[in-house]
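The values are calculated or read from the model by the stated rules, or taken from the named source; none is laboratory data. Keep in mind that what you see is a predicted model, and the values were worked out from it rather than measured. Heads up, the Cβs are rebuilt from the backbone with ideal geometry, glycines too, and the neighbour counts pull from every protein chain shown.
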């Protein structure tokens, strides 16, 4: 047991970067304000989300109270928390159990598989509290206060909240352990990343549509529909622990405690089963996936000739390198490329579902389409389309993580005899080509679905390309100013990189400012051609300082950064 | 030719002096071995020479180019092998080599010949089309060496180049180093393998706690300390 706790403590330290944080506070005091600012920002963003969620849950509670079923709010909370933990838990556990870099160090240690597995499971469980707490605590407080519950309610609630991730996570673990025993997925890490990413995307899209559907009508009606919809019942029935949790909290006296005990008993039973199974299979499947194979394709003389003859300029070589590394790292493709390409599709999709779902007061899709193409809405439609194009370009993570993605290999960029300016132009061109792709997709969408005329297409296309340049440069500039070069997993370079968020934020602010200006000149009845001309001028004027700033920053960063 | 003058570098706000007023001159046609205990300042010195770290004080000139003011020219004449082969995992071996050849502007004819020679020498031809992430540590090390020398640089700066190499590859690399110097070029390398330093180097420098504590040919070092083997000289000098 002692060994288990030692391992758990070490894992906990690594997971939350406690030692790294201590070091930062002790040795790198300059970075403290930045860290604090990030924490405050996260708390603020998170707090507002929780506020919104609490408000929604309060509405659900009130609606439930009217129907005589106030505990529906608890069922919804437990169902959604456990469901989310189950779905994302599968991928999370797969990553932590089987793809962790620490495995090769842990296996030779004198530890039983169940100790390694147990400590890893405990870490996942603690991380899942970050999902469970915000989802569960507000409804529990709302219900507890709203129905005037006593002391035992709060004790039961505390135990339940702490135990909630256990059942979905043990189920996910058992599923993963069995899966890995029979299907050797360790060699298919890239495929899993893609599948996981798309499952996440589909789930969020599905949720979006579902909420959209519910929202057509007023708030009370939608909540009523939410409560009566079969989805909750269906999930609740196929996943009884959520119902037990509700009954444990809502039930009085003995029945409440009985359900609590049932909940805990099943959790422990599943945990024991998982550890037992893990002890038997965990190392076997880990070891069976350790060997890596190579194709061992001998270079044929013809192949060779072609390969060596393809000499290009240093700038082109860097562009090719950037593209290869981007396209061959699934997590970069998912976060950097798919959004840019899929974004416009989703917008069109939303537009059409919104239109067709429209009841009284809103337009049908056909009406909206004719409206967009009417002469008096010409400029509004074109500018809105342009706004979408520029917005997508501003969300370009390929630019805002370009330097960060080099990570530990940045020494190569520092060492090669290629000027920082040349290297950064190559990166800019790569990121800009992604923006180009996105402009192209959007424009094709506009032509196909919104029946834009050729002239409007040309305007959106050219202004889109012009405006994408400063936006791409600014996104890149942020990463050049504060590159995140120390990471072990590419996830950290693109998903857990604050630069992506900062880039989006700055792009949005910039677009809002330009948008406000444009709305103003349109309102004072400026001729259309002049509006476009002025806009082009502003975008051009913005490009010059963005590029100059980028080149200057690049010289400085490449010189100053030590690796 | 390498010229280092009054080079200093400190970490932790000046508390830890990694390199302390180092002066060094390595001539063309010379193999120079750079020795020292762990944490003595070898890698810090080397990283400053190739431009990965910025010196606090002092200057470095490589083949007559100042690394600060003429960094691009200096870099063009350097072939650098780091102590840890962190390279692009998701490129194939051949793509990495072509990338290096492109940024160093090596002509197609030259690159074809050199890549073939190195791949054959290191027995990497079969693996060249595979992604680097499938390589072993030693294979990566061989690829990094190949990439660093692909432009036939006049000055080789190698940080523990033998680590991870099998005996045959290490032997071939040593031969290659000797041949390179015979053509009037310079090789500067750090190592912990004293035997290699003793047999291969024209001159040896020993650094300890950031300071150069001994420099000279094997004969000069022996004379200065009174002992015969490099191991004894090293232990004696770094003990205090």
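The combined condition, being buried (at least 22 other Cβ atoms within 10 Å of the Cβ), without any contact (Cβ under 8 Å) to a residue 60 or more places away in the chain and more than 7 Å from chain A (Cβ to nearest Cβ), is not fulfilled by residue B:121. Of the residues A:495, A:451, the single one that is surrounded by fewer than 17 Cβ atoms within 10 Å (Cβ to Cβ), on the phi > 0 side of the Ramachandran plot and touching a helix residue (DSSP H, G or I) at 6+ places or on another chain (Cβ under 8 Å) is A:451. Could you go through the stretch A:402-410 and let me know if any residue there is assigned to a helix (DSSP H, G or I), at pLDDT 90 or above, more than 14 Å from chain B (Cβ to nearest Cβ) and within 30 Å of residue B:74 (Cβ to Cβ). Within the stretch A:402-410, one or more residues are assigned to a helix (DSSP H, G or I), at pLDDT 90 or above, more than 14 Å from chain B (Cβ to nearest Cβ) and within 30 Å of residue B:74 (Cβ to Cβ).
Within the stretch B:55-93, the set of residues being more than 30 Å from residue A:190 (Cβ to Cβ), in contact (Cβ under 8 Å) with a residue 40 or more places away in the chain and within 11 Å of another protein chain (Cβ to nearest Cβ) comprises B:55, B:76, B:77, B:78, B:79, B:80.
The residues listed here are A:506, A:521; of these, the one that is outside the structural domain of residue A:37 (by TED's automatic domain parsing), closer than 30 Å to residue A:378 by Cβ and surrounded by 13 or more Cβ atoms within 10 Å (Cβ to Cβ) is A:521.
If you go through the stretch A:300-322 and pick out every residue that is modelled with pLDDT of 75 or more and out of contact with any helix residue (DSSP H, G or I) (no Cβ under 6 Å at 6 or more places or on another chain), you end up with 3.
Would you confirm whether any residue within the stretch A:424-438 is under 21 Å from residue A:377 (Cβ atoms) and modelled with pLDDT under 90? Within the stretch A:424-438, none of the residues are under 21 Å from residue A:377 (Cβ atoms) and modelled with pLDDT under 90.
Checking A:521, A:514, A:486, A:459 one by one, the residue that is in a helix (DSSP H, G or I), farther than 21 Å from residue A:372 by Cα and out of contact with any strand residue (DSSP E or B) (no Cβ under 7 Å at 6 or more places or on another chain) is A:514 and no other.
The rows are residues; the columns are (1) in the same structural domain as residue A:420 (by TED's automatic domain parsing); (2) surrounded by fewer than 14 Cβ atoms within 10 Å (Cβ to Cβ); (3) at pLDDT below 70; (4) more than 24 Å from the chain's Cα centre (by Cα).
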{"position": "A:355", "(1), (2), (3), (4)": "yes, no, yes, yes"}
{"position": "A:375", "(1), (2), (3), (4)": "yes, yes, no, yes"}
{"position": "A:382", "(1), (2), (3), (4)": "yes, no, no, yes"}
{"position": "A:392", "(1), (2), (3), (4)": "yes, no, no, no"}
{"position": "A:398", "(1), (2), (3), (4)": "yes, no, no, no"}
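Restricting the stretch B:94-106 to residues that are within 19 Å of residue A:406 (Cβ to Cβ) and facing chain A (nearest Cβ under 8 Å), which is surrounded by the fewest Cβ atoms within 10 Å (Cβ to Cβ)? Ranking the qualifying residues of the stretch B:94-106, first place goes to B:95.
Taking the stretch B:107-118 only, how many residues are surrounded by fewer than 22 Cβ atoms within 10 Å (Cβ to Cβ) and within 8 Å of chain A (Cβ to nearest Cβ)? Count: 4.
Of all residues in the stretch A:416-431, none satisfies being outside any helix (DSSP H, G or I), over 18 Å from residue A:505 (Cα atoms) and away from chain B (no Cβ under 14 Å).
All of A:7, A:3, A:37 fail the test of being closer than 30 Å to residue A:103 by Cβ and modelled with pLDDT under 80, apart from A:3. Go through B:138, B:147 for me and flag whichever is outside any loop (DSSP other than H, G, I, E, B), surrounded by 21 or more Cβ atoms within 10 Å (Cβ to Cβ) and out of contact with any strand residue (DSSP E or B) (no Cβ under 7 Å at 6 or more places or on another chain). The match here is B:147.
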